[in-house]
Amino acid sequence: MFAVIKAGGKQYRVAAEDVIRIDRVSAEPGQVVEFGEVLVLGGDTPTVGAPTVAGAMVAGEVVQHTRGDKVIAFKKRRRKNSRRKRGFRHDFSVIRITEILTNGAKPQSTPPARPERVAKAPKAPVESEAAETATEAKPAKKPAAKKPAAKAGTKADKK
């Protein structure tokens, strides 16, 4: 099931567990935000709103707040010794969509627990004697001494 929501004057097509980047919202990371303006509900039987779908809501968890890339606005008037450089970075919120609700249902006040990724277990130490001798530190070899450079030939050698 998917939904088309309106947030910050833009439309987003979302499904459960999608991560979207929208304009900054006033919620702290970890809080649940609700999007009440659902324009379309898709799935087996799509529902198109006029202008919104009645009783539909999308809930999402704020993951983090970020900023976009810097946009430079540089203006110059030639031969006038006049120039202006201004930078701008847009504020965004990263939202993980948790659920798409219909029939006036309310979202959970806390985000659902996500299963943590299982970390690989460290390898067990090898008990064999061959492995122990291979891992012991061997003395480092000295680099071979360089041979002295041959002297340039004399005039007799060149003939």
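Taken together, the values in this text are just the output of simple stated rules run on the coordinates, not laboratory data. Computed from a predicted structure; not experimentally measured. With ideal geometry, Cβ positions are generated from the backbone for all residues, glycine too; neighbour counts draw on all protein chains shown.
For the peptides 44-55, 93-104, what is the packing order when you average, over each peptide's residues, the other Cβ atoms within 10 Å and list the highest mean first?
Those peptides, ordered most packed to least, come out 93-104, 44-55.
Work out the FRET efficiency for residue 70 and residue 110 from their Cβ-Cβ distance, taking R0 = 41 Å, and round it to the nearest 0.05.
E between residue 70 and residue 110, to the nearest 0.05, is 0.70.
Charges only on Cβ, +1 for Lys and Arg, -1 for Asp and Glu: so what's the dipole of the stretch 2-101 about the Cα centre, in debye to the nearest 20?
Dipole of the stretch 2-101, to the nearest 20 debye: 2100 debye.
Below 8 Å between Cα atoms, with a sequence gap of 6+, how large is the relative contact order for the stretch 1-40 in percent?
51
Could you check the spin-label model distance between residue 147 and residue 103? Points 7 Å from the Cα along Cα→Cβ, value in nm.
Those two pseudo-labels are separated by 9.2 nm.
How high is the relative contact order of the stretch 2-101? Use alpha-carbon pairs under 8 Å, at least six apart in sequence, and give a whole percent.
Averaging sequence separation for qualifying contacts and normalising by length gives 34 percent for the stretch 2-101.
As an exercise, take the mean of 1/r over every pair of distinct alpha carbons in the stretch 2-101, invert it, and state the Kirkwood radius in angstroms.
With all distinct Cα pairs of the stretch 2-101 included, I get 15.5 Å.
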